[in-house]
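S.K.: I'd like to ask you about the structure that follows.
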Amino acid sequence: MKTNGTRHGLFAGILVILLVAAMFAGCGKEGAKSELQKGVDAYYARDYAKAVEHYRAAADMNDAEAQYQLGCCYAKAEGVPMNWDEAFRWWGKAAGQGHPESVKRMEDLRKLEETRKAAEQGDAEAQYRFAEHCFWGTDMEEDEEEAAKWFRKAAEQGHAEAQAQLGLCYFDGMGVEEDDAEAVKWWRRAADQDDQFALYRLGECYLDGIGVDMDCDKARECFRRAAEIKDAEDEVQYFGSESQKMLDAILAYEKNLSAAEQGDAEAQISVGEFFAGRRNSDEEAFKWYRKAAEQGHPEAQYELGLWYDGLGGSGVEEDEAEAVKWYRKAAEQGHDLARNALSICYEKGIGVAKDPDEAKKWKEMYLQSGVPVVLYTTGMQLAKRGRPGDVEEAVKYWRRAAEWKNPSLKAVPAVAAAQYQLGKCYYYGIVLQEDKAAGIEWFRKAAKNGDSDAKAMLDVLDSPAPQPWP
């Protein structure tokens, strides 16, 4: 009896231990689940450091999803410094538990290693693909110098896409010293193989005289060839579409040039717009705007005011008094934006002595139109200028446009764009008190009115789970 009692006591003790262990295991799973959810909540609140803290707690409890998300944080440098070794270490742990996204990441790492080995053995396509990984920081830390090195290796073997990308590296000084002539050299080689991107960029260089002598005929030929290239679905690709736009712009320029030279102010404006914003062409744009402005064209006069105000192209020394002079000429002819610009100059004493009465007069004349397009555009110009108080003023204009009642179909895009800008100000606390809910509400109004930027913002904010890649 004593022996049986001992056995029963031992059995009971083991049962208690197992029950306690099961209880703690259940608590561990619940604890991991709780920490994971806290991490997700912190991530959506953009408190990445706090998200990492909770993800790590759950990951240490062997939660596969938390391990995966922690790896993503290391890959994107959110809440922790970027560390690809740590990212793959945590993805490896999660992959060992069968986590599908982590398994995919580990498979991507295996493929990347195969690509690297093939690149080192001289395979041009592998060199190009490995360079792309380096350039974009896909499955590894971004390294522009390493990218340029591998683009060059592939380019020297005649790989057209690598030649086009190497040209871009030289043009923008990414991983190599900026060199326009070297960019043109590689784009020309890729263009000889009918690379659409290279043809488009080479056309721009010929049009603007970048790294090569300006030559409108050669530019037109590059754009024509790029526009004619079709993809597998027989649809014009992006740079083909852009090339067609450039062909149309060149055609319009050539059509207007003769009339502009004969003194037609409208044609002079068109020629000025063709050159405006183009590299090495600001002087030519300004010349044609001035010709039209001196004939009394209000749009050209307003443009001159912007240039002297530091809001136009380069190559013209800022002169606030000269800006006021041209704003006034345009404003006196009823140009709404010029009236508003003139009112701001009088209000703030820019190029003219402060005069509240004059500021009010021009402001009231401007506000009589109340066009949302004008309100939105004025806000953007103020925000771009960025002088003290300009952003605060810009928000006032955006609000007026955003709250505009019954806008015409033509004005709706401006209303939507203003709603999006106002949403950003609320959401990120720009000038206004940060208010995420108000920001999202304005994004929704803008998206409903068709603003693509607002739709993209909502797609990010409404996504069901933290995304591992930007």
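The values are calculated or read from the model by the stated rules, or taken from the named source; none is laboratory data. None of these values were measured; they are calculated from a predicted model. Glycine also receives a Cβ, built like all others from the backbone with ideal geometry; neighbour counts cover every protein chain displayed.
S.K.: Please count how many residues of segment 243-284 are hydrophobic (A, V, I, L, M, F, W, C) and more than 15 Å from Met214 (Cβ to Cβ). Write out each step before concluding.
M.R.: Of the residues in segment 243-284, the ones hydrophobic (A, V, I, L, M, F, W, C) are 246-247, 249-252, 257, 259-260, 265, 267, 269, 271, 274-276.
If we keep only those that are more than 15 Å from Met214 (Cβ to Cβ) too, we end up with 247, 249, 251-252, 259-260, 265, 267, 269, 271, 276.
Total meeting the criteria: 11.
S.K.: Can you name every residue in segment 126-167 that is of a type outside the set (Gly, Ala, Ser), farther than 27 Å from Ala87 by Cβ and not in a helix (DSSP H, G or I)?
M.R.: Answer for segment 126-167, where residues must be of a type outside the set (Gly, Ala, Ser), farther than 27 Å from Ala87 by Cβ and not in a helix (DSSP H, G or I): Glu156, Gln157, His159.
S.K.: Any residue in segment 74-86 that is surrounded by fewer than 22 Cβ atoms within 10 Å (Cβ to Cβ), without any contact (Cβ under 8 Å) to a residue 40 or more places away in the chain and either within 30 Å of Ala154 (Cα to Cα) or in contact with a strand residue (DSSP E or B) (Cβ under 8 Å, 6 or more places away or on another chain) (or both)?
M.R.: Taking every residue of segment 74-86 in turn, at least one turns out to be surrounded by fewer than 22 Cβ atoms within 10 Å (Cβ to Cβ), without any contact (Cβ under 8 Å) to a residue 40 or more places away in the chain and either within 30 Å of Ala154 (Cα to Cα) or in contact with a strand residue (DSSP E or B) (Cβ under 8 Å, 6 or more places away or on another chain) (or both).
S.K.: Which of the following residues is touching a helix residue (DSSP H, G or I) at 6+ places or on another chain (Cβ under 6 Å), crowded, with 19+ Cβ neighbours inside 10 Å and either modelled with pLDDT under 90 or outside the structural domain of Met214 (by TED's automatic domain parsing) (or both): Asn280, Asn256?
M.R.: On the way: Asn280 fails: crowded, with 19+ Cβ neighbours inside 10 Å.
Being touching a helix residue (DSSP H, G or I) at 6+ places or on another chain (Cβ under 6 Å), crowded, with 19+ Cβ neighbours inside 10 Å and either modelled with pLDDT under 90 or outside the structural domain of Met214 (by TED's automatic domain parsing) (or both) holds for just one of Asn280, Asn256, which is Asn256.
S.K.: Can you confirm whether Gly79 is closer than 27 Å to Val103 by Cβ, at pLDDT 90 or above and out of contact with any Leu (no Cβ under 6 Å at 6 or more places or on another chain)? Show your work before the answer.
M.R.: Details: closer than 27 Å to Val103 by Cβ: yes; at pLDDT 90 or above: yes; out of contact with any Leu (no Cβ under 6 Å at 6 or more places or on another chain): yes.
Judged against the criteria, Gly79 is a match.
S.K.: Also, I was wondering about something else. Within segment 453-468, can you find the residues that are modelled with pLDDT of 90 or more and either assigned to a loop (DSSP other than H, G, I, E, B) or among the small types (Gly, Ala, Ser) (or both)?
M.R.: Ala454
S.K.: So which residues in segment 286-318 are touching a Gly at 6+ places or on another chain (Cβ under 7 Å) and of a type in the set (D, E, K, R), if there are any at all?
M.R.: Glu303, Glu318, listed by residue number.
S.K.: Which of the residues belonging to segment 338-372 are of a type outside the set (Lys, Arg), touching a residue at least 24 places away in the same chain (Cβ under 8 Å), in contact with a helix residue (DSSP H, G or I) (Cβ under 6 Å, 6 or more places away or on another chain) and part of a helix (DSSP H, G or I)?
M.R.: Passing the criteria: Ala338, Asn340, Ala341, Cys345, Trp362, Met365, Tyr366, Pro372.
S.K.: Continuing with the same structure: Checking the condition farther than 17 Å from Ala32 by Cβ, more than 28 Å from the chain's Cα centre (by Cα) and at pLDDT below 90, which residue from Arg105, Arg116, Arg89 passes? Give the derivation first.
M.R.: Values: Arg105 fails: more than 28 Å from the chain's Cα centre (by Cα); Arg89 fails: at pLDDT below 90.
Going through Arg105, Arg116, Arg89 in turn, just one is farther than 17 Å from Ala32 by Cβ, more than 28 Å from the chain's Cα centre (by Cα) and at pLDDT below 90: Arg116.
S.K.: So, one more: Working carefully through the options Ala59, Ala94, find the one that is more than 24 Å from Glu182 (Cα to Cα) and in contact with a Ser or Thr (Cβ under 7 Å, 6 or more places away or on another chain).
M.R.: Values: Ala59 fails: in contact with a Ser or Thr (Cβ under 7 Å, 6 or more places away or on another chain).
It is Ala94.
S.K.: Where the second residue is surrounded by 15 or more Cβ atoms within 10 Å (Cβ to Cβ) and assigned to a helix (DSSP H, G or I) and the first is polar (S, T, N, Q) and lies in segment 313-331, which pairs have Cβ atoms under 9 Å and are six or more apart or on separate chains?
M.R.: If the second residue must be surrounded by 15 or more Cβ atoms within 10 Å (Cβ to Cβ) and assigned to a helix (DSSP H, G or I), the pairs left are Ser314/Asp282.
S.K.: Using beta carbons and a limit of 8 Å, which pairs, at least six apart or on different chains, have the first residue in segment 37-50 and in contact (Cβ under 8 Å) with a residue 60 or more places away in the chain and the second one of a type in the set (A, V, I, L, M, F, W, C) and surrounded by 13 or more Cβ atoms within 10 Å (Cβ to Cβ)?
M.R.: Hits for this filter: Val40/Ala51; Tyr43/Ala51.
S.K.: So, Glu113, is that one over 26 Å from Lys218 (Cα atoms) and among the acidic types (Asp, Glu) or not?
M.R.: yes
S.K.: Right, something else. Tell me, yes or no, whether segment 48-59 has at least one residue that is under 30 Å from Ala77 (Cα atoms), in contact with a Cys (Cβ under 6 Å, 6 or more places away or on another chain), hydrophobic (A, V, I, L, M, F, W, C) and at pLDDT 50 or above. Give the derivation first.
M.R.: As a first pass, look at segment 48-59 and keep what is under 30 Å from Ala77 (Cα atoms): 48-59.
Keeping just the survivors that are in contact with a Cys (Cβ under 6 Å, 6 or more places away or on another chain) gives 52.
Then keep just the ones that are hydrophobic (A, V, I, L, M, F, W, C); that gives 52.
Restricting the remaining residues to those that are at pLDDT 50 or above gives 52.
Taking every residue of segment 48-59 in turn, at least one turns out to be under 30 Å from Ala77 (Cα atoms), in contact with a Cys (Cβ under 6 Å, 6 or more places away or on another chain), hydrophobic (A, V, I, L, M, F, W, C) and at pLDDT 50 or above.
S.K.: Report yes if some residue within segment 178-193 is touching a Leu at 6+ places or on another chain (Cβ under 9 Å), more than 18 Å from Phe223 (Cα to Cα) and not in a helix (DSSP H, G or I); otherwise report no.
M.R.: no
S.K.: What's the total number of residues in segment 139-195 that are polar (S, T, N, Q) and either free of Cβ contacts under 8 Å to residues at least 24 places away in the same chain or surrounded by 20 or more Cβ atoms within 10 Å (Cβ to Cβ) (or both)? Spell out how you get there, then give the answer.
M.R.: First pass over segment 139-195, keeping only residues polar (S, T, N, Q): 157, 163, 165, 193.
Within this subset, residues satisfying the condition of being either free of Cβ contacts under 8 Å to residues at least 24 places away in the same chain or surrounded by 20 or more Cβ atoms within 10 Å (Cβ to Cβ) (or both) are 163, 165.
Residues flagged as polar (S, T, N, Q) and either free of Cβ contacts under 8 Å to residues at least 24 places away in the same chain or surrounded by 20 or more Cβ atoms within 10 Å (Cβ to Cβ) (or both) within segment 139-195 amount to 2.
S.K.: Looking at (1) at pLDDT 90 or above; (2) within 23 Å of the chain's Cα centre (by Cα); (3) exposed (fewer than 15 other Cβ atoms within 10 Å of the Cβ); (4) among the hydrophobic types (A, V, I, L, M, F, W, C), which is the one condition that is false for Trp136?
M.R.: The single condition Trp136 does not satisfy is (1).
S.K.: Turning to a different aspect of this structure: Do we have any residue at all in segment 219-233 that's in contact (Cβ under 8 Å) with a residue 40 or more places away in the chain and out of contact with any Ser or Thr (no Cβ under 7 Å at 6 or more places or on another chain)?
M.R.: Within segment 219-233, the first condition is being in contact (Cβ under 8 Å) with a residue 40 or more places away in the chain, and the residues that meet it are none.
No, that holds for no residue.
S.K.: On the basis of being hydroxyl-bearing (Ser, Thr, Tyr), at pLDDT below 90 and crowded, with 22+ Cβ neighbours inside 10 Å, does Tyr327 make the cut?
M.R.: In short, no.
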